[in-house]
Every structure is written in structure tokens, then in C-alpha cells.
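A.B. asks: Sharing a structure here in C-alpha cells format.
The values are calculated or read from the model by the stated rules, or taken from the named source; none is laboratory data. Only a predicted model underlies this, so the values are computations on that prediction, with no experimental measurement involved. Ideal geometry is used to build each Cβ from the backbone, glycine not excepted, and the neighbour counts take in all protein chains shown.
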């Protein structure tokens, strides 16, 4: 955590200098959105790491809770690579994971806000290029 924070501080200084010296940044040194950008810059990697660990642990806890696995078995890595997806070749698994991640990212950034009545940002990713079949 300390290493991540130190790296973020160093990169913040580097990018701030690059923006001012090389970039076309003109105007005040600290624009109105500066504090929002700074908060997001530090929030995303530090908090996302914690959230990712919790999300990864939840399925394991569920397996232990229903008796399908044991904590000792998980620590010994007895359950790595079982099921039909593990029998696929690695390149196919990679493509599936990338497409799934793009689909989830598209849904989170474009479809989910509409579902919950939040204004939507511009879509991004491969799926953002596709037209919905039922919309003009």
C-alpha cells in the first residue's frame, strides 16, 4: 500500500510537470477540476485493490460455506483449473476474458446508469462501437 502511494505521488509530480512543460496546458496552474482529478487518481488504485480482494474472496467463501471446498484445500491450491472452461486452450480463455471485461465495462459505464436514472458518460471499448439491434 505504501509503495503504491509513493508511486502515485511520484507519477503525479511527473505528469503535472509534463502537462505544464510539454503539453498545451495554458491557464491557471490548478484548474477547477484539479481536486476531483487528484481524488480520483489516488482513490482508484487504493480502493479498487481492496474491493477486488473482497470480490475475489466471495466465491471462495461461498464454496466453503456450502461445503464444496475446504479452507485447507484452497490454501493447498487443490481447486485450481477445474471445470469446462479450464479445459479450453489458453488463447481462447484470454479472448473470452477480454470480451467479458469489455462487456462488463460497457454495461457499467453506459447501460447501468440509464437503468438507475444517472446521466451517462460517453461509451468506450470495443462494444461501444456496436449498434443495438433494436434501436435506430
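A.B. asks: Does residue 56 satisfy being in a helix (DSSP H, G or I) and loosely packed, with under 10 Cβ neighbours inside 10 Å?
C.D. replies: So residue 56 fits the description; yes.
Residue by residue, here is whether (1) part of a helix (DSSP H, G or I); (2) at pLDDT below 80 holds:
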residue	(1), (2)
13	yes, no
29	no, yes
69	no, no
91	yes, no
104	yes, no
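A.B. asks: Would you mind finding the one in 42, 82, 60 that is modelled with pLDDT under 80 and under 30 Å from residue 8 (Cβ atoms)?
C.D. replies: Checking each option against the conditions leaves just 42.
A.B. asks: Right, something else. List the pairs whose first member sits in segment 53-68 and is farther than 19 Å from residue 83 by Cα, whose second member is at pLDDT 85 or above and part of a helix (DSSP H, G or I), and whose Cβ atoms are under 7 Å apart, counting only residues at least 6 apart or on separate chains?
C.D. replies: none
A.B. asks: Just checking, does segment 110-130 include any residue being within 28 Å of residue 1 (Cα to Cα) and at pLDDT below 75?
C.D. replies: No, segment 110-130 has no match at all.
A.B. asks: While we're looking at this one, here's another question. Report, ordered by the first and then the second residue, all pairs with beta carbons closer than 6 Å, sequence separation of six or more or different chains, a first member in segment 1-22 that is within 12 Å of residue 38 (Cα to Cα), and a second member that is surrounded by 10 or more Cβ atoms within 10 Å (Cβ to Cβ).
C.D. replies: Hits for this filter: 8/42.
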